[in-house]
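We did not get these values from a lab; they are worked out from the coordinates using the rules stated. Owing to the predicted nature of the structure, the values given are computational and were not obtained by experimental measurement. Counting neighbours? That spans all protein chains shown, and the Cβs are built from the backbone with ideal geometry, glycine included.
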Amino acid sequence: MISSGQFRPAWWLPGAHAQTLWPSLMRRSVEIELRPERLNLPDGDFIDLAWTKQNSDNIVIVLHGLEGTIDSNYVRGILAAIDKQGWRGVLMQFRGCSGEHNLKDRSYHSGETGDFRFLVKTLRERHPESILCAVGYSLGGNALLKYLGEYKDDALLKAASAVSVPYLLSNSAAKLEKGFSRIYQRHLVTRLINKTSSKFKDRQAPFDLTDLKKWNTFQLFDHHITAPLHGFKSSTDYYEQSSSRQYLKHITVPTLLIHSRDDPFMTKDAIPDQNELSESVTLELSNHGGHVGFISGNTPWNAKYWLEERIPEFLGTYLD
């Protein structure tokens, strides 16, 4: 089902870019106490988790976006909102995103679901009576939706929500090479390049990195780095296999998608149609909201982060 959504943007944040940039540039860091855990993976690598302090049988897993961290404002905001509900939240930081390089040459990508599957199964074994839900943002949302479509009734989750998902990765890569959106690409790809350079400074890279700094678009970086590191033939192959839009019709877990038509990370063509959604999927489509923005409120001093209201409201149907 596709609905118009309930979000009403703040009048003082006009346009997609204002909505997108405000949370990261202007929002104060959300105070929340978190407990770290290192989870060893079957292939000898690790991921780092961050748990809220609630001791609840309701557990909500959070998946961050590209190069997100435990310090990302949207991450801390949703963990605080989960904690406020009396549920237990846990952030899964993708390989290499917790401030320490992971052990394997491979890292993470938009279609990586193996590590998430291992975490879900681990939590199910530890807490067999608990109800598990998940929330994913941007890249993390794409991975979550792909996972739900892959595992269907065996997803081991009660409900899920995904925000500002790049449903067609090729579309997003192309959009981020145009206009003001190039600013986002420059910021993110520079981080990826610097991380890759640092990671392979003291270890042998699996391929020649001489031209690494020239691979300064998503299409170039994904073709030369992401694809070969993770077993894809090319960036085109990576985008085709990893895009979540093709998996939406297979999802059986109740899932809320939150998206804005003015998302500057992709064009409107990336948004799925009604016939691409399973009966378990609801897409709330707003005209405004930017990318992981959705800021409301009467004044800048009274900014409201609507996602942190809407997502718990939806999950509460299955957790309360």
**OP:** Between residue 199 and residue 24, take the C-beta separation as r, use R0 = 22 Å, and let me know the FRET efficiency to the nearest 0.05.
**Re:** 0.35
Original post:
Using DSSP loop states and a limit of at most 12 other Cβ atoms within 10 Å to flag trypsin sites (Lys or Arg not before Pro), what is the longest stretch of the chain containing no flagged site?
Top reply: 54-177
Original post:
What is the fewest-to-most order of 71, 222 by other Cβ atoms lying within 10 Å of their Cβ?
Top reply: 71, 222
Subject >> Excluding exposed DSSP-loop GluC sites (Glu not before Pro) (at most 15 other C-beta within 10 Å), longest clean stretch of the chain >> reply: 178-278
Subject >> Computed FRET value (nearest 0.05) for residue 233 with residue 39, which takes r as the C-beta separation and R₀ as 30 Å >> reply: 0.50
Original post:
What is the Cα centroid distance between segment 116-154 and segment 43-73, reported in whole angstrom?
Top reply: 12 Å
**OP:** Would you mind checking which residues have amide H under 5 Å from residue 62's amide H? H placed 1.01 Å from N; only 5 or more apart, or other chain.
**Re:** 90, 91, 92, 135
**OP:** Would you mind ranking 165, 189, 30, 281 so that the residue whose beta carbon has the fewest other beta carbons within 10 Å leads the list?
**Re:** 30, 189, 281, 165
Original post:
Taking the Cβ-Cβ separation of residue 156 and residue 214 as r and a Förster radius of 35 Å, what is the calculated FRET efficiency to the nearest 0.05?
Top reply: 0.25
Original post:
Along the Cα-to-Cβ line of residue 187, 7 Å from the Cα, sits a label point; which residues in segment 13-54 have backbone N less than 19 Å from it?
Top reply: 13-30
Original post:
Tell me, what HN-Hα J-couplings in whole Hz come from the Karplus equation 6.51 cos²θ - 1.76 cosθ + 1.60 at θ = phi - 60° for each residue of segment 219-235, using x for Gly and Pro?
Top reply: 5, 5, 4, 5, 5, 8, 10, 4, 4, x, 5, 10, x, 9, 6, 6, 5
Original post:
Do the sum for the chain: with -39,500 (n - 2.57) for every DSSP H run of n ≥ 4, divided by all residues, what is the mean residue ellipticity at 222 nm, to the nearest 500 deg cm²/dmol?
Top reply: -9000 deg cm²/dmol
Original post:
Which of 246, 185, 274 moves most in a GNM of the chain, Cα contacts under 10 Å?
Top reply: 274
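Going by how many other beta carbons lie within 10 Å of each one, how would you line up 12, 301, 306, fewest first?
301, 12, 306
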